[in-house]
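Enquirer: Pasting in a structure now, in structure tokens, and then I'll have a few things to ask.
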Amino acid sequence: MDQGDAVPIAELWEERRFLLDVARWMLGDPGAAESVVDEAYHRWYGLSDAARRQVTVPRSWLAKTVGGICLGRLALPGWGAVGHGEGHGARPSEVEAGRVVLNALESLSTAERAAFVFRAFGMAPGTVADIVGRSEPELAELADRARKWLRLQRTRSTTPQQHDAVARAVRRACVTEDGELLTSLLCSDVTAFFDGGGKVRALTGPVHGSRPVADSVLTLLARRPRTTLATHSVNGRTGLVARYGRQVAAVISLDVANDRVAQVWVMLNPDKLRSWNQSRADGGADSDESPGQ
């Protein structure tokens, strides 16, 4: 390896963690995920030097390879993901959340599961379509179907009262900018998705982990003049609505498993918020909105 091939150690570890996350979500088994990632790197080093030089983005090549290996394993008779991924030292609520996710993923078709996971981890649509063997419009439909199904399964795992209590606690943490409190309300493997639609300068990829998600949400909702944050019904459950002046600037829905937030969905796309602003969503907002937040 010449100096032109050198890669910072931080990048190497981030790359491997990313690949492990993809494989773990696909298979639901940390041990199997390790095996898949090892196999992907084995294939990488099985390429000739000339072939490796032709790969302009090694991380994308490795992710595509991991995806292909996972799909191959999922197609094997008798493969099952339920009951894996619990981890050592996890809190009961985190284990429960993990089981909900894996059980829900298991109920999806292989193509739906792949579409959801690959898109969730920020892979380019063209790359994902190539892995799954579907066109990009078909892929978008599969991913949307999977996302709705997973959200439905998660909302079934907690009562409306529990969900409401968690959502209100999340709002309090955001209003008071209490990072420790917000982190404690999130599952350790929570994922946050930010949809700016290319119309605002939002995060383009998902954020994983309780502390990174808490930091991202608090940064987004940082206290400024004329901003407010209120609880409001979002997709049939209590969510959050952030306003700048009288304009709805963000709608946040929460997927709650037991007593922790498992996923955060932040809508920032002005086009998709148009209906909220046309109907003046504050007419139905709860009374816990705090001016000046």
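The values are calculated or read from the model by the stated rules, or taken from the named source; none is laboratory data. Fair warning: this is a prediction, and the values are worked out from it, not measured in the lab. Cβ coordinates were reconstructed from backbone atoms using ideal geometry, including for glycine residues, and neighbour counts include every protein chain displayed.
Enquirer: With respect to Leu182, is the statement that it is in contact with a Cys (Cβ under 7 Å, 6 or more places away or on another chain) and at pLDDT 85 or above true? Working first, answer last.
Expert: Working: in contact with a Cys (Cβ under 7 Å, 6 or more places away or on another chain): yes; at pLDDT 85 or above: yes.
Here the answer is yes, as Leu182 does meet what is asked.
Enquirer: Take the conditions assigned to a helix (DSSP H, G or I), touching a helix residue (DSSP H, G or I) at 6+ places or on another chain (Cβ under 9 Å) and small (Gly, Ala, Ser) and apply them to Ala165. Does it pass?
Expert: On the way: assigned to a helix (DSSP H, G or I): yes; touching a helix residue (DSSP H, G or I) at 6+ places or on another chain (Cβ under 9 Å): no; small (Gly, Ala, Ser): yes.
Here the answer is no, as Ala165 does not meet what is asked.
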